[in-house]
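What follows draws every value from the coordinates through simple rules; no lab data is involved. Just so we're clear, the structure is a prediction, and the values are computed from it rather than from any experiment. Quick reminder, even Gly has a Cβ in these numbers, built from the backbone with ideal geometry, and neighbours come from all protein chains shown.
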Amino acid sequence: MNRVIDGFWVAALAGITIATGSSAAGAGLASDPIVMAVRHGDCSKAVRELNSEVNANQSQTALFVGGRMLDEGICLNRDPLAATKFFERSTELGDANAALDYAAKIGLGEGTQQDYQRAGDACHKAGIDPKGQISFYSLGYACTVRAVAGRLLRETLPKGAFHIPTAPAIVEFRPSTSEIRIRSAPEAERGEAVTGSWVRAPLVNARQVIEKAWRDALAAVPKPDVASLSAEVVSLPLDLDMTLEAGRNAAPDTQDAGRLLQGDVFTNRPAGQYH
């Protein structure tokens, strides 16, 4: 049975420190021209910028952003399989954030063969568990759940739920029992004061929404081989930065705004680098 724990982790349990890194979007993404166009509701410009940056410059950031847009249906028709290509190519060019999303794609089996062992290797190379203290199979499972939970939160949280850029939440997870403990969560923004009161309630209860997203992610990912899962506790960051998702309701205003133009993407990629 999947369990979510919001409290003190049992002291006797062995823990493993995992490098948490930074928010996948971060402060720099807010000034990216593709993201700026999305946030201003200009899907046509966003897609033009994306096609230009991917083809002319092979920009690892543009490829990462394009992967997120495809994966979440932001200004583009949702296409998780195509998103895998973007994340993989961005990973090849050295983007650590894309590498984490690509690792999750391997764990999910979207656009590539499903394999938690290989997903763990990719997640390790992206900077999670740099000392290799947990099995790649368990790490791949944990990283896949982490990515799905983060995506669910970015897609469902109300606009402005957290300050942008948003620091990641830190979740401690035991793969063998599916237990989690929320070690830290970003502070939620506050809404308008209730009439007759000066009190401004938080827009969301951060810990409650993280718990729900984690439970939903556990149910959504491919079922692991329980016998292969580690009992050690791993620490993982959840990407709650909604810099890109702030413009997720932007509506395409031309025929081509909601899709990548046929033949545009990867046309200038050197032969043999992606297949």
Over 20 Å between Cα atoms: which of 85/125; 105/223; 159/223; 105/125 fall into that group? 159/223
Please list, in order along region 40-45, the HN-Hα scalar couplings obtained from phi with the Karplus expression 6.51 cos²θ - 1.76 cosθ + 1.60 (θ = phi - 60°), rounded to whole Hz, x for Gly and Pro. 8, x, 9, 5, 4, 5
Taking amide H atoms as placed 1.01 Å from N in the peptide plane, list the residues 5 or more away in sequence, or in a different chain, whose amide H sits under 5 Å from that of residue 201. 191, 194
Debye-sum result for region 66-206 in log10 I(q)/I(0), which assumes one identical scatterer on each alpha carbon, at q = 0.09 Å⁻¹: -0.33
Using modelled backbone amide H atoms (1.01 Å from N, in-plane), which distant-in-sequence or interchain residues come within less than 5 Å of residue 109's amide H? 115
Please list 208-221, 135-148 highest first by mean number of surrounding beta-carbon atoms within 10 Å per residue. 135-148, 208-221
Note, ³J(HN,Hα) from phi for region 215-221, Karplus 6.51, -1.76, 1.60, rounded to Hz, x at Gly and Pro: 4, 5, 5, 4, 6, 8, 6
